[in-house]
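Have a look at the structure below before the remarks.
The values are calculated or read from the model by the stated rules, or taken from the named source; none is laboratory data. Just so it is clear, the model here is predicted, and its values are computed rather than measured. Virtual Cβ from ideal backbone geometry, glycine too; neighbours counted across all protein chains shown. When the accessible area is computed, the model is the full protein with side chains, heavy atoms only, and any ligands, DNA or RNA have been set aside. Shrake-Rupley method; radii C 1.70, N 1.55, O 1.52, S 1.80 Å.
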Amino acid sequence: MSVPTNVEESVEELAEDSSVRGLFDRYKTQLFALVSLVVFCLVALAIFHMTTEVRYDDVVAALASTRLSAILLALVFTGLSFAALIFYDLNALEFIGKKLPFPHVALTAFSAYAVGNTAGFGALSGGAIRYRAYSRLGLSPEDITRVIAFVTLAFGLGLAVVASIALVIIADEIGPLVGVSALLLRIVAIAILAGLAIVMVLGRDGRSIAIGPVALRMPDSKTWSRQFLVTAFDIAASASVLYVLLPQTSIGWPAFLAVYAIAVGLGVLSHVPAGLGVFETVIIASLGNAVNIDAVLGSLVLYRVIYHVLPLLLAVLIVSGAELRRFVDHPAASSVRRIGARLTPQLLSTLALLLGVMLIFSSVTPTPDENLQFLADYLPLPIVEGAHFLASLSGLVLVVAARGLGQRLDGAWWVAVVSTIAALALSLLKAVALVEAAFLAFLVFGLLVSRRLFKRPASLLNQQLTTSWLMAIAVICVGAVVILLFVYRDVEYSSELWWQFEFAAEAPRGLRAILGIAILSSAIAAFSLLRPASITPAPLTDESLDRAVAIAEKQGVADANLVRMGDKRVMFSEDGEAYIMYGKQGRSWIALFDPVGARHSVPELVWRFVEAARAAGCRAVFYQISPALLSHCADAGLRAFRLGELAIVDLKHFELKGGKWANLRQTASRAQRDGLEFSVIEPADVPRFMDDLATVSNAWLADHNAKEKGFSLGAFDPDYIASQPVAVLRKDGEIVAFANILITETKEEGSVDLMRFSPNAPKGSMDFLFVQIMEYLRAAGFAQFNLGMAPLSGMSKRESAPVWDQIGGTVFEHGERFYNFKGLRAFKSKFHPHWQPRYLAVSGGGNPMIALMDATLLIGGGLRGVVRK
């Protein structure tokens, strides 16, 4: 562990590392990845031993003998399964009380399952796809989390119920297949069903069930029944895809359904991408005694192609077709195109990953004899050998480029296009592999059609692969080694194999390919894990500050004026029309508010900020952001958490008339009777009164035993105070209170930052000052007044709310001894504002509590400032 460079980093290190649980929480991603890799290695070894008597040629023959009618039936059942999967999302949206256009939901759900079934990790998971799509459609992070939780639990519980019911009914058939007594199987199945029945009874009619710190609100009986039918239909249809591909067997469909459900469940629990190897091991172990293993392997290969690959190709085709219609502005495609643009990068990323794996695996399998003979007649051996070796490396390059495609990098797009075209040519030169070439040509088509979506300027070499991607590459390499050993298990190993160069020398060719893949993948992993941080935030210069202020003046968010403090760093967009103001605390780069400036510059700027933080070895954090930024944060791989609510007063309808304004009206009248006078000092005149303002500020700090804050709050700095108008209250000619007014040239919004009072200011001065400022801004033509954020306000009170909301709501209700949460909201509520949610977004699956702690330290000026006040 490195030595902390400041007190705050020490606090963070202690918080993370002071216990075994802290260590686990910090490295759980790496531990889960390592466990998944170990599980895959074990199941790969199990498959290798279970197929001792099976030969590669037998598997190829079994594939070739598959009936066309079986393939057509498998396609039909695949369509039925994916149709059912769409209803998962529809039911989830109905459960949370949201309604979205059916085409959008259908494309999102279809794409989420196409990607999740094929990859299923990191940004290439169903949850990540839903977050990107549904955030663009207006769902809040809390709603998207509930949708993901609903579909996950619906599938998991439905799978358990289907498998258990099947086990109860046909345990006598399944027992001999898995080597377990029928009685034990029935006992386990009945126990599972009883447990689920208890859960359903306790949660009937929408009641909540507490599971540890989490409370889950169960659906009502109608929703639950409908969803169970959907899940059962989905599992039955997907099981039928594999069942019809198997040769004639004595195993009945009900028995196979139970085996299939168990295999799928174990594949999901293994956390291995797409359950690769785990699913196959269970199927082979269960059916190996009843069906020839070579036939089972052939059927599993076809199942993966039909149920996993073809839906992905169809999803890519749909969004690519929508992109093509953009050129003719076809109105029928506009709806699909809008949501398709959100999904295309992830779909193409998954397809690139899949085809990269295809190239790697094909490099360790033999070429058909007739193809080799054709090549021998027209090409010299060195070209074939070189094409075979380079094609395998192109596959690994495509796997690495896949991550950048998911992040919409222009560099990744170019690498993917070049490597795919090269691989297409190499696949023809090495083996006349027409199917491979067709798949690669399809990827090139998708990439070219979607070129406009990949516009983030970034070097692929600067992208650090995450743990999940490194684990995926390791799984691919292990899988390639196992396939090589399986295919050439009859070839006795000797060192001479490495140096055999003949058209018929397939095993040596595969050995050299796997060596090249191992060396290149090791180099990639070492580069990702060991390279040092390359970016240090540049300090704010006077020129940068002037540019930022000029941009702030031309937009409508008053809080953008906090850049005038000069205590934050600034990152400008490529076109110079927008900026992010941010600070660094511990291992967090914390951006304050949404990016300021032109809207068209925002997506690129968010991405640049996240990448810069990652390159510096830090987490990217966005603090107090609006819902409008959530979709861009989702694109960059950030996860959002509700932080509180912002109070906005509509000045066009602000007037102290009517019963609801009675208290403020009385306060204003009392203040005037007490002799308080309101006025606004223009920026040019502020320096003349600076000493009087400083006297009030110092008295306020001393009376509250407080120190100046920073970052999201202004401090009493003469240059900052003099940069904007200052509202003052005078009594007997003496300034007793003041607030600096934050405004821009657009007059869209006004706000205040510093508000300070002398100890002898009359009671109610704060309310009076706010009222007078709002009336002043309304008279000046401003549209709204920003009262600032109420922290932890507006947290979801549903018992099914995310844990973050439940904790935040509890602190809001009972944390008065630490901060006046309820009192602050009550004060702002006097002005009858409308409330807008504000969020904290954290990159890389980071802990939001650590990010929030870093933001608190940054605002308070360090640990001492926070402890003091």
- Query: Hey, can you rank 142-151, 380-389 by average C-beta count inside 10 Å, highest first?
  - Reply: 142-151, 380-389
- Sequence order, the range 510-522: Karplus ³J(HN,Hα) from phi using 6.51 cos²θ - 1.76 cosθ + 1.60, θ = phi - 60°, Hz rounded, Gly and Pro as x, gives x, 4, 5, 5, 5, 5, x, 5, 4, 5, 5, 5, 5
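For the range 364-448, take the alpha-carbon Rg, divide it by the Kirkwood Rh, and send me Rg/Rh.
Ratio of gyration radius to Kirkwood radius for the range 364-448: 1.03.
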- Message: Can you work out the Karplus-derived ³J(HN,Hα) for every residue in the range 824-836? Use 6.51 cos²θ - 1.76 cosθ + 1.60 with θ = phi - 60°, whole Hz, and x for glycine or proline.
- Response: 5, 5, 4, 4, 5, 5, 4, 9, 6, x, 9, 9, 10
- Query: Leaving out ligands, DNA and RNA, what percent of the accessible area of the range 234-329 is carbon and sulfur, probe 1.4 Å?
  - Reply: 67 percent
- Long-range HN-HN contacts of Gln585 with modeled amide H, under 5 Å: Ile590
- Item | Average silhouette area of the range 565-638, convex hull of alpha-carbon atoms, in square nanometres | 4.7 nm²
- Message: Could you compute Rg(Cα) / (2.2 N^0.38 Å) for the range 263-327, with N its residue count?
- Response: 1.52
- For the range 470-510, report the convex hull volume of the alpha-carbon atoms normalised per residue, in Å³, without decimals. 82 Å³
- Message: Taking R0 as 25 Å, what FRET efficiency do you get between Asn760 and Lys657 from their Cβ-Cβ distance, rounded to the nearest 0.05?
- Response: 0.20
- Taking the Cα centre of each part, how many Å lie between the range 554-612 and the range 146-167? 43 Å
- Could you give the accessible area per residue of the range 101-151, probe 1.4 Å, as a whole number in Å²? 24 Å²
- Query: What spacing in nm lies between the two simple spin-label points modelled at Gln30 and Asp732, each 7 Å away from Cα in the Cβ direction?
  - Reply: 6.7 nm
- Note on the structure: One computes Rg over Rh for the range 549-595 from alpha-carbon atoms, with the Kirkwood Rh, and obtains 0.96
- If the chain between Tyr378 and Leu72 were fully stretched, how many nm would it gain, using 0.36 nm times the residue separation less the Cα-Cα distance? 106.4 nm
- Note on the structure: For the range 611-721, the Kirkwood Rh over every pair of distinct alpha carbons, in Å, works out to 19.4 Å
- Message: Leaving ligands and nucleic acids out of the surface, order Phe572, Phe439 by accessible area at 1.4 Å, largest first.
- Response: Phe439, Phe572
- Query: Nearest 0.05, what FRET efficiency do Leu184 and Val435 give at R0 = 51 Å with Cβ-Cβ as r?
  - Reply: 0.70
- Query: Which stretch or stretches of the range 53-83 have amide N atoms under 18 Å from the point lying 7 Å from Leu310's Cα along the Cα→Cβ direction?
  - Reply: 63-83
- Compute the separation of the alpha-carbon centres of the range 343-387 and the range 226-244 and state it in Å as a whole number. 35 Å
- Task: Considering only protein heavy atoms, with the full assembly of protein chains and a 1.4 angstrom probe, order Trp589, Trp253, Trp499 by accessible area, largest first.
- Result: Trp499, Trp253, Trp589
- Accessible area expressed per residue, the range 26-78, with surrounding protein chains retained (probe 1.4 Å, Å²): 62 Å²
- Glu645's amide H: which non-local residues (gap 5+, or another chain) put their own amide H closer than 5 Å, with H modeled 1.01 Å from N in plane and none for Pro or chain starts? Ala790, Leu792, Ser793, Arg838
- Residues with amide H under 5 Å of Glu749's amide H, sequence separation 5 or more or different chain, H placed in the peptide plane at 1.01 Å from N; which? Thr744, Ala783, Gln784
- Query: What are the ³J(HN,Hα) values, in whole Hz, obtained from phi via the Karplus relation 6.51 cos²θ - 1.76 cosθ + 1.60 with θ = phi - 60°, for each residue of the range 642-656 in sequence order, with x given for Gly and Pro?
  - Reply: 5, 10, x, 9, 9, 9, 10, 9, 7, 6, 5, 10, 8, 7, 7
- Message: Can you compute the modelled spin-label distance between Val38 and Ala694, with each label point 7 Å from Cα toward Cβ, in nm?
- Response: 6.5 nm
- With every protein chain left in place, what is the accessible area per residue of the range 481-524 in square angstrom, probe 1.4 Å? 54 Å²
- Task: Please work out the FRET efficiency for the pair Leu545 and Ala706, using the Cβ-Cβ distance as r and a Förster radius of 25 Å; give the result to the nearest 0.05.
- Result: 0.40
- Task: Could you calculate the contour length gain from Val201 to Glu502, that is, 0.36 nm times the residue separation minus the distance between their Cα atoms, to one decimal place in nm?
- Result: 101.4 nm
- Message: Between Arg489 and Asn292, what is 0.36 nm times their sequence separation minus the Cα-Cα distance? Round to one decimal in nm.
- Response: 69.1 nm
- Note on the structure: Reduced to Cα centres, the span from the range 509-523 to the range 97-113 in Å works out to 42 Å
